[in-house]
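Before any comments, here is the structure.
The values are calculated or read from the model by the stated rules, or taken from the named source; none is laboratory data. Please read these numbers as outputs of a predicted model, since none were measured by experiment. With ideal geometry, Cβ positions are generated from the backbone for all residues, glycine too; neighbour counts draw on all protein chains shown. These accessible areas exclude ligands, DNA and RNA; they are computed on the full protein's heavy atoms, side chains included. Shrake-Rupley method; radii C 1.70, N 1.55, O 1.52, S 1.80 Å.
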There are 2 protein chains.
Amino acid sequence: MAKIKQLNVALLGLGTVGKGLVSLLKENEAEILNKHGAKVNIVKIFERNADKLEKFGLDRNLFTDSMEDICGDKNVDIVVELLGRIHPSKEYIESALRAGKNVVTANKDLICMHGGELLKTAKQNGAVLLYEASCLGAVPVINTLKNNFLGDEIKSIKGIFNGTTNYILTKMTQEGLSYEECLKEAQALGYAESDPTNDVEGIDAAYKLCILSRFAFGLDAKFEDISKKGITQITPQDIQIAARLGYTIKLLAIAKCGDGKLEMRVNPVFVSNNHQLSKINGAFNACTIEGNYSDEITLIGRGAGSHPTASAVANDIMNFAHKMGDVGQRSLKKAKMEKDGHMKYYLRMSVTDRAGILSGIAKIFGDNKISIESVIQDKNDNPDIKSLIIVTHMTTSGSMAKALEKISRAPSVQSVDSVIEVMG
Amino acid sequence: MAKIKQLNVALLGLGTVGKGLVSLLKENEAEILNKHGAKVNIVKIFERNADKLEKFGLDRNLFTDSMEDICGDKNVDIVVELLGRIHPSKEYIESALRAGKNVVTANKDLICMHGGELLKTAKQNGAVLLYEASCLGAVPVINTLKNNFLGDEIKSIKGIFNGTTNYILTKMTQEGLSYEECLKEAQALGYAESDPTNDVEGIDAAYKLCILSRFAFGLDAKFEDISKKGITQITPQDIQIAARLGYTIKLLAIAKCGDGKLEMRVNPVFVSNNHQLSKINGAFNACTIEGNYSDEITLIGRGAGSHPTASAVANDIMNFAHKMGDVGQRSLKKAKMEKDGHMKYYLRMSVTDRAGILSGIAKIFGDNKISIESVIQDKNDNPDIKSLIIVTHMTTSGSMAKALEKISRAPSVQSVDSVIEVMG
C-alpha cells in the first residue's frame, strides 16, 4: 500500500468558514484518504484566545496567537487564511510565503488589491498561493478559467457575483416589494449586514470581477477601473416594466475585452428572460464565460456560506496533495451496483368512473410500502373514464414494478398511461 | 524572448468537428501564442482522399490514409481522433498510443466502452489520452470533475446530456405539439438524425453518464448497468399536467452514490420548476454536480456543434503545451482601459403630457448618435404627467451622458427617473 501523504495545516481564523473547514476535514476524512491517499491535519489554529477552540470541541493545544510560531514550525506545510480584511492578513500571508509555506485564502479584498504582489512573493519563495474561495464560494470559476478555454479567446465574463443583492432583487421581483422592505427582510434573515454598503453598492461584486478578469484576459485589471452602480435606486415600477418587456433586473458584473481594450462595470441590468442569468434566483451566484469558439458557458452555485466556501478552500488544500492542478483520473474501483432505482413517481392511469376505486388503488400502493404524496382526478374525453394522477413519495423501482403489476390487473383500471420519475 | 513551443498534430477525420478545429487553430493562432507561447501545427490529416482537404482550402500534402505513416512520424506529437464510431478508431488510437503519441478524442461511444483499456495502454507507453469533448461539447464537465470537489464527497450527478431530446421536449412544452411533430421538425432542422434511436432512447446520454460517473465516484461504471428509457412515450397531456403541478419534463441522466452503491439511469423526469435543470431550453446541455459541502453546482453550455466541440478538443491539445492540467496564472499584461461602456439603455422619465415632446427628445438622442429601439408612453399617478420609457440600441456611456444632460434640461422633462443597462 502506498504511503499516506500528510498535509499539515495552520488555520488562521476560526469563524464561519474556518468552522466549516474543520467540519469538512473531519466528516470527509475517509473520502479524502480514498481519493487522494492523503490526510489533512490541522496542527495550529491562530485565534485571539484558546476558549474559542474549546467551545468548538477542539484541542486547546492547537491554539496560537503568534505568526512567528506558525512560520517557524517546519511541520506546517500550508497556511489557510480565513481572517478576512486586508490588514493584518496581508502581512501574515507575506510572512508565511517568505517562510516557504503554501497559502490558501478566501480573502477577495486582499487578492483584488494586492494579489499581484503576493503572487510575486510566493514565486520568489518557491511557494504557491491559491484563492478559489475568494470568488463565488463553491462555484469553481477560477479553476474553470485556469483549466479551460485554453484554445479560445475569451470575449466576456458576466455574472451575478453577490448573493445579498440577488436575494433582494428576486424578492422585489417575485413579491412586488420596495428595495427598503426587502433589504430589511434580508437583514433580519442574516443575508445582509447592518451596514449593507459593500453589497448593495456593487463593491463586493467588483472585487470578484477584478480577480476573474485577470484570469480571463491575462490583463492587470484594477479595482479602481471598474465603474460601480448598486441597486438602491431600483424601483418596483422598473421591475414591472422590465417584466412587461421580457426582462428581469439583475445586478451584473461585466467585463469585456475586444481590440485589446478592457471594459469593466458592475450595475443593474435588464437581462433578457431567454438568458440563463435571468433565471438565477435567491442567494445563488452565477458566471457566464463567453469564448469565441465555446460560446457561452454558465456556472451556477452557492457563492457564500460556511460549507460551500469551505468546499472551495478544501479543494485548494487538496491541490497540494498532488502536483499542482490536474489530479488526473484515479484508478477505478469496482462498482457495487444498486439495482433498484430510488425515486418519486408520477403515474397517470385511465380508470372507470366509479366510487371506491381510489381506495382499492391506494391499498395496492400501501401493500407495497409506497406512500402517496398527491392525487388528482381529471376528466377524460370518454365520460365513463377518468384520468387518475398520482404522485408518490420516495420509493424504489422494485416496489413500483410490483405495485404496477397488481394495478394493471385491477378490474377498474383501463390502462396505465404514464409512469415518469419526479425530482424535487 | 522565450522559445515558441511547437505542437505537431495529426488529425484523423476532417468532418464537422475536424473543420471546426482547423478553423479555430487558424483564427486563434495569435491568442494561443500569446496565452501559451505555443503554436499548433496540423502536420497530417487522415482522410479517405485528398480532395476533401483541397475543398476546405488545405494543402493536399497534409493528406494521408495510413496510420503507419502517422505513427512512424517522429514529428507528430499529438493524434486527434475525430472519426467517431468504435472501429477502427479504437485500433488507430491504440497504435498511436503504442507509438508514444499523446491522443485527444471526442469519441464518447469508444471511451464509454473501452476507456479503461485505452488509458492503460496510454500509461504503459508513457502517453496521455484526453477526451473532454466526448461529454457535453464545450461544457467543461470532465475537467470540472477532475479539478474540483477534491475535498468533497460527490453525492450525485444529474443532467441534460442530449441536445436533440431537450430540443424536442422544449418544443413540445412551449408549443403543445406531439412528440412525432417535434421529432419531424428537429429532423428537418438537422438537430435529429433520420434514425434518431441513439438520441431519443437515451443511449447517447447514457454513454456520457457512464464516462462522467467514473470521474465523479472513482468507480468502474459500466454502460450496461444504466437503465435507459427515452422520450418517445411522452405525451402533451403529461407535459400539461407537469406544468400544472409546477414541473417541467426533461430527459435526465442521473447517477447517485451512497453507502458505496452506485445507481444510474437515463429517463424522463418531472423536474421541479425551482431547479436549474428545469430552465435549460432548446439544444443546450447542463450538468448538476452535488458535493456534500459544495452543494449543487450546475454547468450549462452548448453540448454539440462544430465550434463548441472544437473548443473542447483544442483545450485538451493546449494542455500538452504545459505540464498536464493546471496551466497556472499567466504573467499579466498592462490593461488598456476602455473608458466608455458599450451597452443598450433603458430610460424612464416623467414628462409633461403634451404633443411633440417625443420628437424633441428623439432629436437629442439623434444628435448624440443614439438610436432608439422602442418607446412606450405610460400613465402616471399625476394626470398631467406621463412616463416615457425608452430602450435604445447599442451606444456608449459617453454619448448617453451627453444626451442625458440635454434631456434633463428640456422644458417638458420633469425628471429622469431611471437609467439601466439592457442586455440581450
Which percentage, to the nearest 5, of the DSSP beta bridges contained in the stretch A:37-145 is antiparallel? 0 percent
Cβ neighbours within 10 Å from other chains - mean over B:400-408: 0
Number of partner chain Cβ atoms within 10 Å, mean per residue of A:376-388: 1
Karplus-derived HN-Hα couplings along the stretch A:3-15 (A = 6.51, B = -1.76, C = 1.60, θ = phi - 60°), whole Hz, x at Gly and Pro: 5, 6, 6, 9, 10, 9, 10, 9, 9, 9, x, 10, x
Helix-only [θ]222 nm of chain A, DSSP H runs n ≥ 4, -39500 (n - 2.57) each, per residue, nearest 500: -10500 deg cm²/dmol
Counting only protein chains, not ligands or nucleic acids, how are B:Glu47, B:Glu185 ordered by accessible area (probe 1.4 Å), most first? B:Glu185, B:Glu47
Whole angstrom only: what separates the Cα centroid of the stretch B:173-235 from the Cα centroid of the stretch B:115-149? 22 Å
Sorted list, accessible surface of protein heavy atoms, 1.4 Å probe, largest first, for A:Phe149, B:Phe284 is B:Phe284, A:Phe149
Assign one of three labels to the protein assembly as shown, namely rounded, prolate or oblate, based on the Cα gyration tensor with a ≥ b ≥ c the square roots of its eigenvalues; rounded applies when a/c is under 1.5, prolate when it is not and a/b is larger than b/c, and oblate otherwise. rounded
Taking Cα pairs closer than 8 Å and at least 6 residues apart, the relative contact order of chain A in percent is 15 percent
Cut-off 16 Å, label 7 Å out along Cα→Cβ of B:Ser359, residues of the stretch B:389-413 by amide N: B:412
Surrounding net charge for B:Asn273, when Lys and Arg each add one and Asp and Glu each subtract one, Cβ distance under 14 Å: +4
Please work out the average accessible area per residue across the stretch A:1-153, using the 1.4 Å probe convention, and give it in Å². 43 Å²
Percent of accessible area on the protein assembly as shown owned by carbon and sulfur, 1.4 Å probe? 48 percent
Put a point 7 Å out from Cα along the line to Cβ at B:Thr16; what are the distances to that point in the other copies, in nm, shortest first? 4.6
Partner lysines whose C-alpha sits under 24 Å from that of B:Lys402, ignoring same-chain residues fewer than 8 away, are A:Lys228, A:Lys229, A:Lys256, A:Lys261, B:Lys336, B:Lys339, B:Lys344, B:Lys363, B:Lys369, B:Lys386
With both partners inside chain B, how many of the DSSP beta bridges are antiparallel, as a percent to the nearest 5? 70 percent
Need one number: nm distance between label points at B:Asn382 and A:Asp73, each 7 Å from Cα along Cα→Cβ, rounded to one decimal. 6.8 nm
Quick one: of the DSSP bridges fully inside the protein assembly as shown, what percent are antiparallel, nearest 5? 65 percent
Say the cut-off is 18 Å between C-alpha atoms; which of A:Lys44/A:Lys74; B:Lys52/B:Lys90; A:Lys279/B:Lys184; A:Lys5/A:Lys90 go over it? B:Lys52/B:Lys90; A:Lys279/B:Lys184; A:Lys5/A:Lys90
Hey, what's the Cα Rg ratio for the stretch A:224-345 versus the globular rule of thumb, 2.2 N^0.38 Å? 1.50
Using a 1.4 Å probe on the protein heavy atoms only, what accessible surface does B:Arg302 show? Give it in Å² to the nearest 10. 90 Å²
Provide the solvent-accessible area of A:Asp204, counting protein heavy atoms only and rolling a 1.4 Å probe, rounded to the nearest 10 Å². 10 Å²
Choice from B:Asn107, B:Asn368, B:Asn198 with maximal GNM fluctuation in chain B (Cα, 10 Å cutoff): B:Asn368
Could you report the accessible area of A:Tyr179 in Å², rounded to 10, computed with a 1.4 Å probe on the protein chains as they sit in the structure? 20 Å²
Along Cα→Cβ at 7 Å, what distances in nm separate the B:Gly424 label point from those on the other copies, shortest first? 1.7
Give me the compactness ratio for the stretch A:188-241, meaning the Cα radius of gyration over 2.2 N^0.38 Å. 1.43
Shape descriptor, chain A: equivalent ellipsoid semi-axes (Cα gyration tensor, sqrt 5λ, whole Å, largest first) stand at 47, 31, 21
Shielding score for B:136-148, defined as the mean number of other chain Cβ atoms within 10 Å: 6
Taking the Cβ of B:Lys256 as the center, what net charge do the other residues with Cβ under 14 Å away carry, scoring Lys and Arg +1 and Asp and Glu -1? -2
Only Lys, Arg, Asp and Glu count, each charged at its Cβ (+1, +1, -1, -1), so figure out the dipole size of the stretch A:259-408 about its Cα centre, rounded to 20 debye. 720 debye
Give the A-B buried accessible area in Å², both sides summed, 1.4 Å probe, nearest 100. 9900 Å²
Which residues qualify? For A:Phe63, with a placed amide H closer than 5 Å and at least 5 residues away or on another chain, they are A:Ile45
Highest GNM mean-square fluctuation, chain A, Cα pairs closer than 10 Å: which of A:Met318, A:Met400, A:Met172? A:Met400
Order B:Glu421, B:Glu296, B:Glu373, B:Glu405, most accessible first, counting only protein heavy atoms with a 1.4 angstrom probe. B:Glu405, B:Glu373, B:Glu296, B:Glu421
Taking the chain alone as reference and the full protein assembly as comparison, with a 1.4 Å probe on protein heavy atoms only, the residues of the stretch B:295-309 that lose at least 50 Å² of accessible area are B:Ile297, B:Ile300
